[in-house]
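Worksheet: one structure, shown below.
The values are calculated or read from the model by the stated rules, or taken from the named source; none is laboratory data. Bear in mind that the values here come from a model prediction, so they are computed numbers and not experimental data. As a convention, Cβ positions derive from the backbone with ideal geometry for all residues, glycine included, and neighbour counts pool all protein chains shown.
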Ligand SMILES: [Ca+2]
């Protein structure tokens, strides 16, 4: 099943937005993976540092500096997992063009998906199952004069189909 940018899962996520929770299973097909660390190319200020994208608080967010230069948000799962989806809750300062990249060592990166029509809100993106410890959201082009800003992000691996 192809569920790239799936409306069904996105609706599930939006529905639970106000209660700070995510739909952690999608008919048993997806299981979220804990993200234990983060880094970013830049932060707008201390209030908007990278950890704000993984703190389970939908009101806090990471925001890059306001520049045309590409910016990235790096996520560390602590060990290798085989993952195949990411859910991103974008702030209005969204990336129109961005890449989902994975890495086993944090140095060598592989593009697993590219979005060319990114928009405000929650984006759910699936890609071929890939073994990785690190995931990077590599932002190439902005939709606003501001930088790039993400409220929350989740990574998923395949679960058991019931
Ligand atoms: Ca947050």
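This table checks each residue for (1) assigned to a loop (DSSP other than H, G, I, E, B); (2) surrounded by fewer than 20 Cβ atoms within 10 Å (Cβ to Cβ); (3) touching a helix residue (DSSP H, G or I) at 6+ places or on another chain (Cβ under 9 Å); (4) modelled with pLDDT of 95 or more.
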residue	(1), (2), (3), (4)
124	no, no, yes, no
131	no, yes, no, yes
141	no, yes, no, yes
145	yes, yes, no, yes
150	no, no, yes, yes
156	no, no, no, no
161	yes, yes, no, no
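Every residue, every condition in (1) closer than 15 Å to residue 41 by Cβ; (2) more than 13 Å from the chain's Cα centre (by Cα), yes or no:
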{"site": "67", "(1), (2)": "yes, yes"}
{"site": "70", "(1), (2)": "yes, yes"}
{"site": "82", "(1), (2)": "no, yes"}
{"site": "86", "(1), (2)": "no, no"}
{"site": "98", "(1), (2)": "yes, no"}
{"site": "105", "(1), (2)": "no, yes"}
{"site": "110", "(1), (2)": "no, yes"}
{"site": "129", "(1), (2)": "no, yes"}
{"site": "132", "(1), (2)": "no, yes"}
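Of all the residues in the stretch 66-110, those that are under 25 Å from residue 141 (Cβ atoms) and outside any strand (DSSP E or B) number 13. In the set (1) within 16 Å of the ligand (Cβ to nearest atom); (2) surrounded by fewer than 22 Cβ atoms within 10 Å (Cβ to Cβ), residue 97 fails one condition alone, (1). When residues in the stretch 26-65 are screened for being assigned to a loop (DSSP other than H, G, I, E, B), surrounded by fewer than 16 Cβ atoms within 10 Å (Cβ to Cβ) and more than 11 Å from the ligand (Cβ to nearest atom), 5 of them pass.
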